[in-house]
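See structure below.
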Amino acid sequence: MQRAFGKIAGNWIIGALVVAAAVMGVVAVLRLDTTGESGSGLSREFDFDLTQLAKVDPNLILYTQAGPPVKTGFRQSRAIALDSAGRMYVAGDSAIRVLNSGGDLERAIEPAGEPRCVTVSDDGKVYVGLKDHVEVFDAQGRRVASWDALGDGAVLTSITKYKDNVFVADAGHRVVLHYAAAGTLIKRIGEKNPDRNTPGFIIPSPYFDVVVSRDGLLRVVNPGRHRIEAYTFDGDLEFWWGKSSVDIEGFCGCCNPINFALLPNGGFVTAEKGLARVKVYDSDGAFVGVVAGPDQLGKGGQVRVCDSPEQCQAGGLDVAAGADGRVYVLDTTDNVIRIFHRRDAGQ
């Protein structure tokens, strides 16, 4: 009898604990802030540290903005490129807008869809990446070619031309596509391949950039690994630079840098999102200084580190570099171009 009573009492206690746990769970769900309006819930010391993280030592800022921002005229801008004459080609909405050095509209190019990336060759041809294919336009803006579509999973985010080669970054398939200038696909570069010591690209959000450096090697940003990698045209991974760090020399958040460009001296200018920063590195990947931090990037400059892909889907910057060393920053939040020059180089 005593044993039976103990068993009943034990069952009652277990049942009560289960009910209590369920009630606490319901209360926790009801109190859950899904909007973020109540803040992080962390201490004030953490909020202070996060604010401090966005501050850049003024001694590290080597550039200053040259005049007011240039308006793109787009509701949603996406990418920027320059031609040899210093014209700005801005991809946004459903067009490419060609602006002269003063920011005035010269003409518009209208591809068959929303342009996501653009580059201009030395002969004036304009190569435009749409979501799943490339279109080519002559110097007058007339379409001269439309390349084969790459399928529903394609998300083209960057395009560059080097001699008779065109390289296209496909964030959807996590691969760089090597084309002949006529549009024939030659090779797929960067896919995971242990036999070739190729780790593969980690691309949590649709930012994936590619250029060809002066040494003839392909440079590709691997944002999920926080580095820029160098490949031969045959697809061999030669080396990389960059590290994950909240320090100014490194790249923080889930996936940075998101875009980069080559400087005339062989160095690199990089753009980050989440904690918006534009920085300069030398040709070996050593940190040189800052072009602009959140305080210099207007209301679009964010003061939070984006730690998840969901936080990092929008609000990125694109960058281009002029022959005179100026840095062009496309602010896709404010839809303006901010032009920066070295402080020691004058106007």
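No lab work stands behind these numbers, since they all come straight from the coordinates. Keep in mind the model is a prediction, meaning the values are calculated, not measured. A quick note on method: Cβ atoms are made from the backbone with ideal geometry, for glycine too, and the neighbour counts reach across all protein chains shown.
Some observations on this one:
- Alpha-carbon centroid distance for the pair region 276-295 / region 169-228, whole angstrom: 22
- Out-of-range pairs (alpha-carbon distance over 22 Å; input K125/K161; K161/K192; K131/K279; K131/K161; K187/K279): K161/K192; K131/K279; K187/K279
- Label-reachable residues, region 187-220, where backbone N falls under 13 Å from a point 7 Å from S244's Cα toward its Cβ: 202-204
- For region 57-345, the relative contact order is 15 percent, taking Cα pairs closer than 8 Å that sit 6 or more residues apart in sequence and dividing their mean separation by the residue count.
- Ascending count of other beta-carbon atoms within 10 Å, so fewest first, for W241, W147: W241, W147
- Interatomic Cα distance distribution for region 57-345, bins of 10 angstrom, percent: 7, 31, 39, 20, 3, 0
- Spatially proximal lysines relative to K273 (Cα-Cα < 19 Å; intrachain offsets below 8 disregarded): K55, K243, K299
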